[in-house]
1. Of all residues in region 26-40, how many are surrounded by fewer than 18 Cβ atoms within 10 Å (Cβ to Cβ) and within 10 Å of the chain's Cα centre (by Cα)?
2. Would you call Ile16 crowded, with 19+ Cβ neighbours inside 10 Å, within 17 Å of His59 (Cα to Cα) and modelled with pLDDT of 95 or more?
3. When the residues of region 14-51 are filtered to those that are without any contact (Cβ under 8 Å) to a residue 24 or more places away in the chain, outside any strand (DSSP E or B) and of a type outside the set (Asp, Glu), which remaining residue is farthest from Pro76 (Cα to Cα)?
4. If you take the residues of region 52-79 that are within 11 Å of the chain's Cα centre (by Cα) and in a loop (DSSP other than H, G, I, E, B), which of them is farthest from Val18 (Cα to Cα)?
Amino acid sequence: MIKAFVLIVVDPAKTIQVYDKLRAVAGISEVYQVMGPYDIVAVVEVANLTDVPSVISKHIRAVEGIESTTTCVTFPEAS
């Protein structure tokens, strides 16, 4: 399983709507509203590294109100 943390900057007037939409996205396991330079942190969990860009571009960045994203992909666990 590949995990990525997506740090999201949101239009302040749309934070709740963005949060609610992200909670319904397949591939996102957790969503948090946070304080600081980012407004929301979404945790993406997918089977393959190649699935991460699709979730980001098709399902996260497509949400109205998102201004920017920064994605941090974790290293796969050593076997």
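1. Residues flagged as surrounded by fewer than 18 Cβ atoms within 10 Å (Cβ to Cβ) and within 10 Å of the chain's Cα centre (by Cα) within region 26-40 amount to 3.
2. Details: crowded, with 19+ Cβ neighbours inside 10 Å: no; within 17 Å of His59 (Cα to Cα): yes; modelled with pLDDT of 95 or more: yes.
Criteria not met by Ile16.
3. Ranking the candidates gives Ile16 first.
4. Arg61
The values are calculated or read from the model by the stated rules, or taken from the named source; none is laboratory data. Just so it is clear, the structure is predicted and the values come from calculations on it, not from any experiment. Here Cβ is always computed from backbone atoms with ideal geometry, including for glycine, and neighbour counts include all displayed protein chains.
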